[in-house]
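The values are calculated or read from the model by the stated rules, or taken from the named source; none is laboratory data. Please read all numbers here as calculations on a predicted model, not as lab measurements. We place every Cβ from the backbone using ideal geometry, glycine too, and count neighbours over all the protein chains shown. The accessibility values were calculated without ligands, DNA or RNA, using every heavy atom of the protein model including side chains. Shrake-Rupley method; radii C 1.70, N 1.55, O 1.52, S 1.80 Å.
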Amino acid sequence: MNRNEEKLINSLKHQAMDHHPTLKPHSFFKNKFEVSLFYVDNHVDLVLTVRAMLYLAMKVMDPELIDDINDRYEKEYIRQILTIANRLLPQGEEALLDDLNLYYREEKLREGLT
């Protein structure tokens, strides 16, 4: 193993316990993963979350869509979608990408790519 590989492995080992992994093997679907930090409070929260996604998707596709009931809750729907996005973003795993990028550069594995 060369020096750069040793640095990469040591860095990965050092960071292994720095964060809770975002993806974990699914408990019953083989070769699938589940998002470990995505959760809802109850069925109402789940339904409202799905409703928010549907409403905002329809609004993007047809900005002229008029729905007085849902328009009233638009800010809440946006907040809900932002909460979901924040929960789905990997926490800490992005540091691994920096280590891999450094390794690729030091090993010149991406030379010639633009």
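Brief remarks follow.
- Aspartates and glutamates with Cα under 15 Å of residue 7, excluding same-chain neighbours fewer than 8 positions away: 98, 99, 106, 107
- Residue ranking by accessible heavy-atom surface, 1.4 Å probe, largest first, among 40, 60 comes out as 60, 40.
- 5 angstrom amide H check on residue 34, placed H, neighbours 5+ away: 24, 26
- Residues whose placed amide H lies under 5 Å from that of residue 91, excluding near-sequence neighbours: 22
- Value in Å of the Kirkwood radius, where the range 35-114 supplies the Cα pairs that are averaged: 15.9 Å
- The accessible surface of the range 1-83, taken with every protein chain in place and a 1.4 Å probe, is 62 percent carbon and sulfur.
- In a DSSP loop and with at most 15 other Cβ atoms within 10 Å, the trypsin sites (Lys or Arg not before Pro) in the range 1-69 are 30, 32.
- With at most 11 other Cβ atoms within 10 Å, longest stretch of the chain clear of loop GluC sites (Glu not before Pro) (DSSP): 1-63
- Estimated inter-spin distance, residue 105 and residue 16, nm [label 7 Å along Cα→Cβ]: 2.7 nm
- Spatially proximal lysines relative to residue 59 (Cα-Cα < 25 Å; intrachain offsets below 8 disregarded): 75
- Surface analysis of the chain yields an accessible area of 82 Å² per residue, using protein heavy atoms and a 1.4 Å probe.
- Net +/- balance of residues flanking residue 74 in space, Cβ distance below 13 Å, scoring K and R +1, D and E -1: +1
- Residue 54 versus residue 87: modelled label distance in nm, points set 7 Å from Cα along the beta carbon direction: 1.9 nm
- Sequence of 56, 46 when ordered by accessible area, the most exposed leading, probe 1.4 angstrom: 46, 56
- Phi-based couplings in Hz for the range 47-57 (Karplus 6.51, -1.76, 1.60; Gly and Pro marked x): 5, 5, 5, 5, 4, 4, 5, 5, 4, 5, 5
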